[in-house]
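Each value in this text was obtained by applying a stated rule to the coordinates, not by laboratory testing. Predicted model, so just to flag it, every value in this text is computed and none were measured. No Cβ is skipped: glycine too gets one built from the backbone with ideal geometry, and neighbour counts run over all protein chains shown.
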Amino acid sequence: MRAPKPKTRYAFVFCYFISLLPLFLPWCYFDKEADGIKTGIDIINTKLLLALGCITLFCLLSAKSQAGKFITKLLLLLHIAVYLISGLFWYVPLVTDFHVLLSLEAMHYGFYLSLLCSGSMYFLYGKNEKKEGNHHYAVTKLSVKKTRAIH
């Protein structure tokens, strides 16, 4: 399978950085004065987010084989899962215990925008991978026809 063009890889890295920007927006809060505004950076474990981001970035830049592209898609899907789990089970000491319904009531636009951007990045990468796979299949099929015509 062909490796993605360097421009395509860099475009994916740019889109990936753009998809991480909503983590700095307000995700959830009950009362701004009582518990403060919680951003995605506050809610998600920083070490987990940093590790996931670095590994995903490395895979976006270096994935050339089918297995590497599959791992990249899996990492992009893992972003969505981490956002969902962290957003639904965030917890404010002394105000609430872990409660999903209260978490949904306190969610704000940053959380939904993070999910939208990460989902868009996942589908964009998947669509490009599918397009490259179809191109590879068409080139292989064409070369088989040419080989048969020569013999």
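The stretch between Leu61 and Val13, if pulled fully straight at 0.36 nm per residue, gains 16.5 nm over its current Cα-Cα span.
Modelled this way, with points 7 Å down the Cα-to-C-beta line, the labels at Leu124 and Ala51 are 2.7 nm from one another.
Rounded to whole numbers, the Karplus 3J(HN,Hα) couplings from phi for the stretch 7-14 are 5, 5, 4, 5, 5, 5, 5, 4 Hz, using 6.51 cos²θ - 1.76 cosθ + 1.60 with θ = phi - 60°, and x at Gly and Pro.
Taking amide hydrogens as placed 1.01 Å from N in the peptide plane, the amide H of Cys28 sits under 5 Å from those of Lys38, His108, each at least 5 positions away in sequence or on another chain. Each peptide in 40-46, 112-118, 7-13 was scored by the mean count of other Cβ atoms within 10 Å over its residues; highest first, the order is 112-118, 40-46, 7-13.
Each residue of the stretch 39-44 is assigned a 3J(HN,Hα), and the resulting list reads 8, x, 5, 6, 7, 7 Hz, derived from the Karplus form 6.51 cos²θ - 1.76 cosθ + 1.60 (θ = phi - 60°), x at Gly and Pro.
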